[in-house]
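The block underneath contains the structure these notes are about, expressed in structure tokens.
The values are calculated or read from the model by the stated rules, or taken from the named source; none is laboratory data. The model shown is predicted, which means the values in this text are computed figures rather than measured ones. Neighbour counts run over all protein chains shown; Cβ positions are idealised from the backbone, glycine included.
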Amino acid sequence: MFSLSISSSGSYISVAIHEEVLVSSSTVLSKNGTTNLLMQTIDELTKKSDIKRDQIQVVYIDIGPGFYTSLRIGLAVAQGICASLGIPLIPVNGLDSLAFAAHTSHRKIFTVIDIKRDEFAFCSYKPVPGGVIRDSNPEVLNLDGLKDRFNEDNQKKLLVGNWRKINQKILNKNTYIKTASPEFVTSDQIYHLGKELFKNGNFINFNEIELFYMREPDVSLSTKNLTKEVNFYD
């Protein structure tokens, strides 16, 4: 079964095709993501992999947190694909996907995602056999708030996500924090967590999926205008 995974929540557009194992993937820097660029990337991957579009049976989508406009573009494209092919769309939380990709056996995991305005989406996780579980609810923090979270105890922690956007002075002063990969959400991470959600069979109609913004957007963007541009036919 072929699947398509999409992440466009930040500065990169990342797309992957899997058939249990990775078939093909692409990650493109795009600070101002566009529908055309995402559709072009998907088209190039299907051609490169010699896969017909109607062979794709499920789409996994990064629902955030992240950049408002980029998230809207990713969801609109994914919904257009699923509508045209009649296949399910599986929403995956970016914070969870980072932690799932980075899970270790001994360190608590902190995930951070840049959401602009010098603010970050943050969540902590405990490692468990085979994965991770949330140790806190996702929240929006500024740099002072992150510093407080980093210093709240002397437990060893692994920091993943957009940690390079954080003032290095905050990180250098804390000997209990280790920075590591992944440094941003990718389609491959979205796939690996999404397929577990798909196996459970507990997912909603693609038209009912809501993005995980975590705060009000900087600007308003019309979903109607986006969906008009999305066509996924041979």
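Taking strands (runs of 3 or more DSSP E) as the structural unit, those lying wholly within the stretch 1-46 and holding at least 1 residues that are out of contact with any helix residue (DSSP H, G or I) (no Cβ under 6 Å at 6 or more places or on another chain) and more than 16 Å from Gln189 (Cβ to Cβ) correspond to 12-19, 21-29. Looking across Ser30, Ser3, Ser11, one residue alone is of a type in the set (S, T, N, Q) and closer than 18 Å to Gly80 by Cβ. It is Ser3.
Return a yes/no flag: does the stretch 215-234 have any residue that is modelled with pLDDT of 90 or more and farther than 25 Å from Lys116 by Cβ.
First pass over the stretch 215-234, keeping only residues modelled with pLDDT of 90 or more: none.
No, that holds for no residue.
Suppose the filter is out of contact with any Gly (no Cβ under 9 Å at 6 or more places or on another chain), modelled with pLDDT under 95 and either in a loop (DSSP other than H, G, I, E, B) or among the acidic types (Asp, Glu) (or both); does Asp54 pass it? Yes, satisfied. Candidates in the stretch 101-125 are the residues that are loosely packed, with under 15 Cβ neighbours inside 10 Å and more than 27 Å from Tyr68 (Cβ to Cβ); of these, the one that is modelled with the highest pLDDT is His106.
Within the stretch 152-177, which residues are closer than 29 Å to Leu71 by Cβ and either at pLDDT 90 or above or not in a helix (DSSP H, G or I) (or both)? Once the filter is applied, which keeps residues that are closer than 29 Å to Leu71 by Cβ and either at pLDDT 90 or above or not in a helix (DSSP H, G or I) (or both), the stretch 152-177 yields Lys157, Leu158, Leu159, Val160, Gly161, Asn162, Trp163, Arg164, Lys165, Ile166, Asn167, Ile177.
Out of Lys169, Lys195, which single residue is outside the structural domain of Leu98 (by TED's automatic domain parsing) and out of contact with any Cys (no Cβ under 6 Å at 6 or more places or on another chain)?
Numbers: Lys169 fails: outside the structural domain of Leu98 (by TED's automatic domain parsing).
Just a single option satisfies the conditions, and that option is Lys195.
Could you list, in sequence order, the residues of the stretch 45-72 that are more than 23 Å from Leu211 (Cβ to Cβ) and either charged (D, E, K, R) or not assigned by TED's automatic domain parsing to the domain that holds Ile17 (or both)? Let's see the steps before the verdict.
The first filter runs over the stretch 45-72 and keeps only residues more than 23 Å from Leu211 (Cβ to Cβ), leaving 45-55, 57.
Once the filter is applied, which keeps residues that are more than 23 Å from Leu211 (Cβ to Cβ) and either charged (D, E, K, R) or not assigned by TED's automatic domain parsing to the domain that holds Ile17 (or both), the stretch 45-72 yields Lys47, Lys48, Asp50, Lys52, Arg53, Asp54.
Hey, can you tell me all the residues within the stretch 94-127 that are outside any helix (DSSP H, G or I) and either β-branched (Val, Ile, Thr) or farther than 18 Å from Ile177 by Cα (or both)?
Of the residues in the stretch 94-127, the ones outside any helix (DSSP H, G or I) are 103-127.
Thr104, Ile109, Thr111, Val112, Ile113, Asp114, Ile115, Lys116, Arg117, Asp118, Glu119 - these are the residues of the stretch 94-127 that are outside any helix (DSSP H, G or I) and either β-branched (Val, Ile, Thr) or farther than 18 Å from Ile177 by Cα (or both).
Does Thr175 satisfy the condition of being surrounded by fewer than 17 Cβ atoms within 10 Å (Cβ to Cβ) and free of Cβ contacts under 8 Å to residues at least 12 places away in the same chain? Yes, satisfied. The one condition from (1) part of a helix (DSSP H, G or I); (2) crowded, with 22+ Cβ neighbours inside 10 Å that Gly64 does not meet is (1).
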